[in-house]
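First comes the structure, then the notes that go with it.
The values are calculated or read from the model by the stated rules, or taken from the named source; none is laboratory data. Keep in mind it's a predicted model, so treat the numbers as computed, not measured. Backbone-built Cβ (ideal geometry, glycine too); neighbour counts: all protein chains shown.
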Amino acid sequence: MAGEKLNDAVEFAKNPEPRCPCILLLDTSQSMQGDRIQALNAGLHTFRTEVVRDTLAAHRVDVAIVTFDSEVRVVQDFVSMIDFKPPSLTASGQTRLAGGIERALDLMDARKEQYRKWGIFYYRPWVFMITDGKSEGESDEAVAQAARRVHLYEEAKHVAFFAVGMEGADIRRLAQIVVRTPLELEGLQFREMFQWLSGSMQAASTSQPGEKVVLAQPGWIKRIALYVTENEQELTKVAHAIGKVGGALLKGAVGWPQH
């Protein structure tokens, strides 16, 4: 614990710039084997290269990587883009989608606590999830709970949660989990996607408090797919469930210096 506090003190003393935290939540299940995982790894290098070209963004963008297959792992804890070394990911196993979401949000909450403790201003965190959209080895309730948490955090402006589905992903299922319109990747255009993400992070990290950041139209998507349930009673049931757990999840988590 003492070592962690010392590391935090050194990190924030060396770089007291406001932070724009981004978690890459990456599906590394068996469906990502072959060309997909290779293209994803190459895209991570593109992401770092593009962001560090902007000196200010390089000091302000903090990145972390959480992967999910049969296990959920924090492959990279939060680090500035200057110090970020893209990992080489491999793919196997099932898709623990809900577990990945929960772990990413836990990691985000812990990072924000560090910012608050050391007096570091931060912008609204981003979670950028890439998946085939098909949960495996998890209960429906686990997925529903993860979805409720995403909705609650979005409503409270605690996170901007983006979901990108691989070609052929269950986009309808993703639309039930996240608030923002899920996007479907065209082929293996990870390089183009991470170029867009880096530009978006640069824009967010250099904005002024209260300033609205307009993101560029993504040119790497196959289609923008927004689905709503055909069962109105089911939609009402979900809305009720979100409201029921809201107080418990958000208790004590207000007044954070973010935008």
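Below are the figures for this structure:
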| item | result |
| --- | --- |
| Checklist (1) surrounded by fewer than 17 Cβ atoms within 10 Å (Cβ to Cβ); (2) closer than 23 Å to D170 by Cβ; (3) touching a Phe, Trp or Tyr at 6+ places or on another chain (Cβ under 6 Å) applied to Q33, failing item | (3) |
| Region 94-137 - residue that is modelled with pLDDT under 95 and of a type in the set (G, A, S) and, of those, nearest to F194 (Cα to Cα) | G133 |
| Scope region 72-89; condition of a type in the set (D, E) and either more than 14 Å from the chain's Cα centre (by Cα) or buried (at least 18 other Cβ atoms within 10 Å of the Cβ) (or both); matching residues | D83 |
| Region 192-205: number of residues that are farther than 16 Å from V127 by Cα and surrounded by fewer than 17 Cβ atoms within 10 Å (Cβ to Cβ) | 0 |
